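The values are calculated or read from the model by the stated rules, or taken from the named source; none is laboratory data. Everything numeric here is computed off the predicted structure, so don't read it as measured data. Here Cβ is always computed from backbone atoms with ideal geometry, including for glycine, and neighbour counts include all displayed protein chains.
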């Protein structure tokens, strides 16, 4: 029963992730547009956010083979990519935009905590929980 629930959950997560299909550049463009609206970015910031997101999605695509061959390496690489993108975005924002980003970060952590809690309550192994949480957009 647990395996059935686990399988269903990961099919759902995979469905969400596959809905975000496209090239890294297409994904970066969509994310840059979303963040531009969310933070009211200037033209210069829009170009920077696109570059940050393009690098993020290219790097994520490069490490995808490690997901099946070496999950611990994949998780470490994914953490590093997400951390680097997060810091780059923070450095790019103005002081007026920073509080909005902090609120977004809190919201993102709460969402990830909910997902992690739900998965853990279903008995999903911690490394699988960590992977699912890090792969959320």
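Remarks
- Here residue 40 fulfils each of the conditions (1) free of Cβ contacts under 8 Å to residues at least 40 places away in the same chain; (2) under 18 Å from residue 98 (Cα atoms); (3) in contact with a helix residue (DSSP H, G or I) (Cβ under 9 Å, 6 or more places away or on another chain); (4) exposed (fewer than 15 other Cβ atoms within 10 Å of the Cβ) apart from (1).
- Residue in segment 1-17 that is modelled with pLDDT of 90 or more, closer than 23 Å to residue 104 by Cβ and assigned to a helix (DSSP H, G or I) present: no
- Just one of the numbered conditions (1) loosely packed, with under 13 Cβ neighbours inside 10 Å; (2) in contact with a helix residue (DSSP H, G or I) (Cβ under 7 Å, 6 or more places away or on another chain); (3) not in a helix (DSSP H, G or I) is not true of residue 95: (2).
- Considering (1) out of contact with any helix residue (DSSP H, G or I) (no Cβ under 7 Å at 6 or more places or on another chain); (2) farther than 17 Å from residue 32 by Cα; (3) touching a residue at least 40 places away in the same chain (Cβ under 8 Å), the lone condition that residue 137 does not fulfil carries the number (2).
- Extreme residue, nearest to residue 127 (Cα to Cα), among residues of segment 46-83 that are in contact (Cβ under 8 Å) with a residue 24 or more places away in the chain, within 12 Å of the chain's Cα centre (by Cα) and surrounded by fewer than 17 Cβ atoms within 10 Å (Cβ to Cβ): 79
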